[in-house]
Amino acid sequence: QVQLVESGGGLVQPGGSLRLSCAASGFIFSMSTMTWYRQAPGKERELVASISAGDSREYANSVKGRFTISRDNAKSTVYLQMNSLKPEDTAVYYCYTVFFRTWGQGIQVTVSS
């Protein structure tokens, strides 16, 4: 059974940092493209970052230079390091495996003073 479990969200002040983790199970993680999406209240879910099996990375323009996606195949975990956070980064963040079309449960990130 494919499963994704996110952790690391919370409340942070503008300019602060958070690191999200997504622990995967039930599939060959090292061969899978992994992605992070987010959905803010009243908005559509949007792609934030992706990382391929070969470690190729892509980012939404809104987070380039501030967010970094990475993976640890030994731990079957994908990370999203978020720096210089802004109030507009407030959203529920989701981990998603492209091949198996499976979402994590989502985790809240709130950027507010």
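Nothing in this text is a laboratory measurement; each read-out follows from the coordinates by a stated rule. Everything quoted here is computed from the prediction, not taken from an experiment. FYI the Cβ positions are ideal-geometry reconstructions off the backbone, even for glycines, and counts take in every protein chain you see.
Working note: Cα gyration tensor of region 1-49, eigenvalues times five, square-rooted, sorted largest first, giving semi-axes of 24, 15, 10 Å.
Between Val2 and Ala60, the contour length at 0.36 nm per residue exceeds the alpha carbon distance by 18.3 nm.
Over the chain, the reciprocal of the mean inverse Cα-Cα separation, the Kirkwood hydrodynamic radius, stands at 13.9 Å. Here region 73-100 and region 1-15 have alpha carbon centers that stand 7 Å from each other. Coordinate range of the alpha-carbon atoms in region 62-111 per principal axis, descending: 31, 20, 17 Å. Along the chain, the longest continuous region that contains none of the trypsin sites (Lys or Arg not before Pro) in a DSSP loop with at most 11 other C-beta atoms within 10 Å is 1-42. Extending 7 Å from the Cα toward the beta-carbon at both Lys75 and Ala23 defines two label points whose distance is 1.0 nm.
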